[in-house]
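To start, the structure itself, in structure tokens.
The values are calculated or read from the model by the stated rules, or taken from the named source; none is laboratory data. Fair warning: this is a prediction, and the values are worked out from it, not measured in the lab. Here Cβ is always computed from backbone atoms with ideal geometry, including for glycine, and neighbour counts include all displayed protein chains. Calculation scope for accessible area: heavy atoms of the full protein, side chains included, ligands and nucleic acids excluded. Shrake-Rupley method; radii C 1.70, N 1.55, O 1.52, S 1.80 Å.
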Amino acid sequence: MQEGLVRLFHEKERLDPRFVPITARPLKTREAIIAKLIREKARLNRIHDIAGARIVVSSRVIQALVLRVIMERLPELKPQVAKDSTEHGDAQGYRAIHVVVTTSAPGIGERHTEIQIRTEMENEWAQLVERLDAVLGLDLKHGQGPAEYQEWLREASAVIGAVDRGEATTIQEIPPFPGITP
């Protein structure tokens, strides 16, 4: 998927890789897959984000352009927006656009792959949550952990959304993390 997106955006569309960087998303670990199956009561063949690609862009305008290119230029992959939480964030504050595409290979059949499209700010927030979960041994990403931490993440996400929409120019409005005095 990553190679195909690089060809599409950097070769066919001639977009500068500095403005539309495309990376492979880290594969979900076995433990993360099992947790998702339990949490969502899903079947393995219905999980679309085991593997995929991530595109991190500088602005919501470029994010919308990237989405449009994927939807218009890859019809053979049947792209579908599976999640668009850019405007309000999800229950935890996560923001991004997730597009699921369908590939098929002889003898294997159809496989679903997820393309995440995030602004730089959305990506920083998501990476911060992952680091907090790793350091604190929590699962804030899925709404588990102290209420004050979850509230802080939602507040930080709201400020990031305002900056991405051009309604604010700085992230200085994000309060200090609970328990830390500035």
Checklist outcome for this item: Counting only protein heavy atoms and rolling a 1.4 Å probe, one gets per residue an accessible area for the range 81-135 in Å² of 47 Å²
Next on the checklist: Which GluC sites (Glu not before Pro) in the range 76-148 sit in a loop by DSSP (not H, G, I, E or B) and have at most 15 other Cβ atoms within 10 Å of their own Cβ?
Outcome noted: GLU87
Checklist entry - GLU148 versus ARG165, label points 7 Å from Cα toward the beta carbon: distance in nm? => result 2.9 nm
Next on the checklist: Quick check: pseudo-label points 7 Å beyond the Cα along Cα→Cβ at GLU130 and GLU72, how many nm apart are they?
Outcome noted: 3.1 nm
Checklist entry - Taking a 1.4 Å probe, which of SER104, SER58 shows the most accessible area, and what order do the others take after it? => result SER104, SER58
Next on the checklist: At 7 Å along Cα-to-Cβ for each site, give me the label-to-label distance between GLU3 and THR102 in nm.
Outcome noted: 2.4 nm
